[in-house]
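Colleague: There's a structure below that I have some questions on.
Every number in this text was worked out from the coordinates using simple rules, so none of it is lab data. Because the structure is a prediction, the values reported are computed rather than measured. Glycine also receives a Cβ, built like all others from the backbone with ideal geometry; neighbour counts cover every protein chain displayed.
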Amino acid sequence: MNERLAVVIVHWQDPAETLACVASLAAEPADDVIVIDNGSREPVGDVLATHAPHVHVQRLPVNQGYAGGANAGLRWALERGAGIVLLLNNDARMAAGAQAAARACLASDARIGVVGARVVTREDATRLWLAWGDVTYGSSLVALRGADALDGPDWRVPRDVDWVAGCAMWFRATALCSLGLLDEEFFAYHEEVDWCARAREAGWRVRYWPDAVVTHTGRGSHGSPRSIRIRKYFAARNTILFARKHASRGQWTKLVAALAMMLPLELAYRTLRGTAGETITKLMGLRDGVTGRLPPFERLGLR
């Protein structure tokens, strides 16, 4: 498959992470690499100009969220004639052979719209960060398959899945042009779940391909209190946005019942542990998803 390959990396803070991500591409160079500086307080342009001058940098004046930043890069790549676009988190690293493996998967069937990686935890190569995800309409909307599991044969089998890890997605350009880009209303979290759902609804295949390996750092409770707050708010809010777009009446019933059962228990548990603020943040996200309120960007430290 000789189609033009472009890589899109969204940068928001921490230039060292972004520089290391770009460096990990060197073993299998892409035709184009673009870094979207998403209104960061730590601009990355000068660093890349010195250490990776082949990389194109586009700076956005304000943080547009992961979806908005990614879309800026996806548009640039498509305008340059890319046939495949890899969307890569700046804290992900490419393993040797990943690009070739993903290309081979896309070449195997023109109906494959996107390929997802087997994502290994950077700090412990024996464990997975994520294999793939299912949409369950439980209290968290999704189930993370392989998260924190020991890597092994169970995770080495290719399969069609509900959605693939958003930290490394190889998009077929024709699928992007047919379906549209990421939904920027999501801002961050579940935007990849939504795109994959739209793809499957339109007849495209969403393919988990374990020979395409990337590493990723952190998960769940990892990170600063602010990053945890951001994740919990948007994951909750975007659960409602996703359900509005995709859920049947029965799936809505399942989701509402799961939330009604889980949230009081979670609030009581976290109150005893002194971390009730995490559940309150989640409740705020659910409220804003239901009412259509804009996210509190400034309060969350995002703008």
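Colleague: Using a cut-off of under 15 Å, list every residue of region 102-142 whose amide N is near the label point 7 Å from the Cα of A20 along the Cα-to-beta-carbon line.
Modeller: Answer for this model: 120-125.
Colleague: So, one more: When the scattering of region 114-259 is computed by the Debye formula from its Cα atoms alone, each counted once and equally, what is log10 I(q)/I(0) at q = 0.11 Å⁻¹?
Modeller: Result of the Debye calculation: -0.42.
Colleague: Let me ask something additional. Please give the peptides 258-270, 186-198 ranked by average Cβ packing (other Cβ atoms within 10 Å per residue), highest first, as a rough proxy for protection. Each step should come with its number before you reach the end.
Modeller: Details: 258-270: 14.2, 186-198: 23.6.
Answer by packing, highest mean first, reads 186-198, 258-270.
Colleague: A further question follows. Which of the listed residues, H51, M284, A20, is farthest toward the dipole's positive end in the chain, when Lys, Arg count +1 and Asp, Glu count -1 at the beta-carbon?
Modeller: M284
Colleague: Could you work out the Kirkwood radius for the chain, taking every pair of different alpha carbons, averaging 1/r and inverting it, reported in Å?
Modeller: Values: mean 1/r = 0.0507 Å⁻¹.
Computed over the chain, the radius equals 19.7 Å.
Colleague: If you don't mind, another one. Using just the alpha carbons, could you tell me how many Å³ per residue the convex hull of region 225-291 encloses?
Modeller: Numbers: hull volume 4.7 nm³, N = 67.
So the per-residue hull volume is 70 Å³.
Colleague: A follow-up question, please. How would you order 39-48, 232-241, 154-163, 97-106 from highest to lowest mean count of nearby Cβ atoms within 10 Å?
Modeller: On the way: 39-48: 16.9, 232-241: 23.5, 154-163: 14.9, 97-106: 20.1.
Highest-to-lowest ranking by the protection proxy: 232-241, 97-106, 39-48, 154-163.
Colleague: Where nothing but the Cβ of Lys and Arg (+1) and of Asp and Glu (-1) is charged, how large is the charge dipole of the chain around its Cα centre, in debye to the nearest 20? Walk me through the numbers on the way to the answer.
Modeller: Details: 36 positive and 32 negative charges, 191 e Å.
Value, rounded to 20: 920 debye.
Colleague: Here's a follow-up. Would you work out which of L87, H246, M262 lies farthest towards the positive end of the dipole of the chain? Charges go on Cβ: Lys and Arg +1, Asp and Glu -1.
Modeller: M262
Colleague: Hey, what do the phi angles of region 51-61 turn into as Karplus ³J(HN,Hα) couplings, whole Hz, using 6.51/-1.76/1.60 and θ = phi - 60°, x for Gly and Pro?
Modeller: In residue order, the calculated couplings are 9, 8, x, 6, 7, 7, 10, 10, 9, 8, x Hz.
Colleague: Compute the separation of the alpha-carbon centres of region 82-146 and region 170-215 and state it in Å as a whole number.
Modeller: With region 82-146 and region 170-215 each reduced to a Cα centre, they are spaced 11 Å.
Colleague: Taking the dipole about the Cα centre of the chain, with the C-beta of Lys and Arg at +1 and of Asp and Glu at -1, give me whichever of L150, V119, W163 is farthest to the positive side.
Modeller: Of the candidates, W163 comes out farthest on the positive side.
Colleague: Let me ask something else about it. Residues with amide H under 5 Å of R145's amide H, sequence separation 5 or more or different chain, H placed in the peptide plane at 1.01 Å from N; which?
Modeller: Those qualifying (amide H under 5 Å, at least 5 residues apart or on another chain) are A131, W132, G133, D134.
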